[in-house]
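Report on one structure; see the data block that follows.
The values are calculated or read from the model by the stated rules, or taken from the named source; none is laboratory data. Since the structure is predicted, the reported quantities are computational estimates derived from the model, not experimental observations. Heads up, the Cβs are rebuilt from the backbone with ideal geometry, glycines too, and the neighbour counts pull from every protein chain shown.
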Amino acid sequence: MRGVNDEPETMKQLVQGLLTMRVRPYYIYMPDLVEGTGHFRVTVQTGLKVIEHLRGYTTGLAVPLLLIDGPGGKGKTPVMPDYVQRLSASGAMMKNYRGEEFIYPNPRQDEMGENGKK
């Protein structure tokens, strides 16, 4: 990824361009741990920065999953930004792509009907 697709704005242009060609960008892989390829690698934080930028500034169809293929056959593991900061009975403290926090309240008991639905 380093020097190729590690800049958020460049990646936004790339994924939007792919969509115009009817190609959905599905995955962004963090490079495998192969000897001699370390110069291509970036930090996981850099990958998350790209994903957060895409989520904030383009359509959901253009936001691929960031994946790490775990060494030793551990499998593909999605890496996602931590948008949920805290959960409680009253709701969730959330963080958006800009780092701004807000509260998303759970419904009150009087708003919910039988079986928790109204």
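The residue pairs whose first member lies in the stretch 73-94 and is within 21 Å of residue 29 (Cα to Cα), whose second member is hydroxyl-bearing (Ser, Thr, Tyr), and whose beta carbons are closer than 7 Å, counting only pairs six or more residues apart or on different chains, do not exist in this structure.
Give the residue that is nearest to residue 62 (Cα to Cα), with candidates limited to residues of the stretch 19-40 that are buried (at least 16 other Cβ atoms within 10 Å of the Cβ) and either modelled with pLDDT under 90 or hydrophobic (A, V, I, L, M, F, W, C) (or both). Please lay out each step first, then the result.
From the stretch 19-40, those buried (at least 16 other Cβ atoms within 10 Å of the Cβ) are 25, 28, 30; that's our starting set.
Subset that is either modelled with pLDDT under 90 or hydrophobic (A, V, I, L, M, F, W, C) (or both): 28, 30.
Values: 28: 11, 30: 18 Å.
Out of the qualifying residues, it is 28.
Taking the criterion of being under 17 Å from residue 69 (Cβ atoms), touching a residue at least 12 places away in the same chain (Cβ under 8 Å) and not aliphatic (A, V, I, L, M), the residues of the stretch 35-45 that qualify are 40, 41. When you look at residue 99, is it modelled with pLDDT under 90, in the same structural domain as residue 3 (by TED's automatic domain parsing) and under 26 Å from residue 11 (Cα atoms), yes or no? Against the criterion (modelled with pLDDT under 90, in the same structural domain as residue 3 (by TED's automatic domain parsing) and under 26 Å from residue 11 (Cα atoms)), residue 99 does not qualify. Scanning the stretch 62-72 for residues that are surrounded by fewer than 17 Cβ atoms within 10 Å (Cβ to Cβ) and touching a residue at least 40 places away in the same chain (Cβ under 8 Å) yields one hit, 69.
A count restricted to the stretch 1-13 and to residues that are loosely packed, with under 15 Cβ neighbours inside 10 Å and either under 16 Å from the mean Cα position of the chain (by Cα) or among the hydrophobic types (A, V, I, L, M, F, W, C) (or both) stands at 2.
Check 43, 59 and return the single one that is exposed (fewer than 14 other Cβ atoms within 10 Å of the Cβ) and in contact with a helix residue (DSSP H, G or I) (Cβ under 8 Å, 6 or more places away or on another chain).
Only one candidate qualifies: 59.
Screening the candidates 35, 7 for the property of being of a type in the set (Asp, Glu) and more than 23 Å from residue 77 (Cβ to Cβ) yields one hit, 7. Scanning the stretch 14-23 for residues that are assigned to a loop (DSSP other than H, G, I, E, B) and not β-branched (Val, Ile, Thr) yields 21, 22.
For the stretch 51-67, state whether one or more residues are outside the structural domain of residue 102 (by TED's automatic domain parsing) and more than 30 Å from residue 105 (Cα to Cα). Steps first, please.
Taking the stretch 51-67 and keeping what is outside the structural domain of residue 102 (by TED's automatic domain parsing), we get 51-67.
Filter once more, keeping what is more than 30 Å from residue 105 (Cα to Cα): 67.
Checked the stretch 51-67: at least one residue is outside the structural domain of residue 102 (by TED's automatic domain parsing) and more than 30 Å from residue 105 (Cα to Cα).
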